[in-house]
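Heads up: the structure comes next, in structure tokens.
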Amino acid sequence: PAPDIDLNVTDPNGELVEVARSTESGLVKDRDCPGKNNECRGQNMENVYLEDGDPVRGVYRLRVRLEKLGGENPPIKVTLGARVGPKTYQVELALQRPEEEQEIVLEL
């Protein structure tokens, strides 16, 4: 099985973005992989996006957490990509052990 890596985003209001529920700022998380019933089809890709309008100004916290190794040997390499307006960000992360978390802070 593939490693279980979670993307957790907190908006400037301090609200955690969750699957299938829009935050007050309009952010939504599309899925939580690896998922049940193979809904992620072996891919560990999670997306958080703005449903409509302009993003709220302030600090966004993006946390990448390794939940389970899933039979893989560390380090588990993760690519975190973000697009905010015209700006694109990409960060390569390496997670060593279950429950390890790395945080990226973006400010608008």
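The values are calculated or read from the model by the stated rules, or taken from the named source; none is laboratory data. Since the structure is predicted, the reported quantities are computational estimates derived from the model, not experimental observations. Please note: Cβ atoms are built from the backbone with ideal geometry, for glycine as well, and neighbour counts cover all protein chains shown. Please note that ligands, DNA and RNA were not included when accessible areas were found on the heavy atoms of the full protein model with its side chains. Shrake-Rupley method; radii C 1.70, N 1.55, O 1.52, S 1.80 Å.
Residues considered: ASN73, ASN8, ASN44. Of these, the only one that is in contact (Cβ under 8 Å) with a residue 24 or more places away in the chain and assigned to a loop (DSSP other than H, G, I, E, B) is ASN44.
For THR23, the criteria (1) open to solvent by 40 Å² or more (accessible area, probe 1.4 Å); (2) farther than 17 Å from GLU101 by Cβ; (3) not acidic (Asp, Glu) hold in every case but one, which is (1). Of GLU39, GLU72, GLU46, all but one fail to be more than 19 Å from GLU92 (Cβ to Cβ) and of a type in the set (Asp, Glu); the exception is GLU39.
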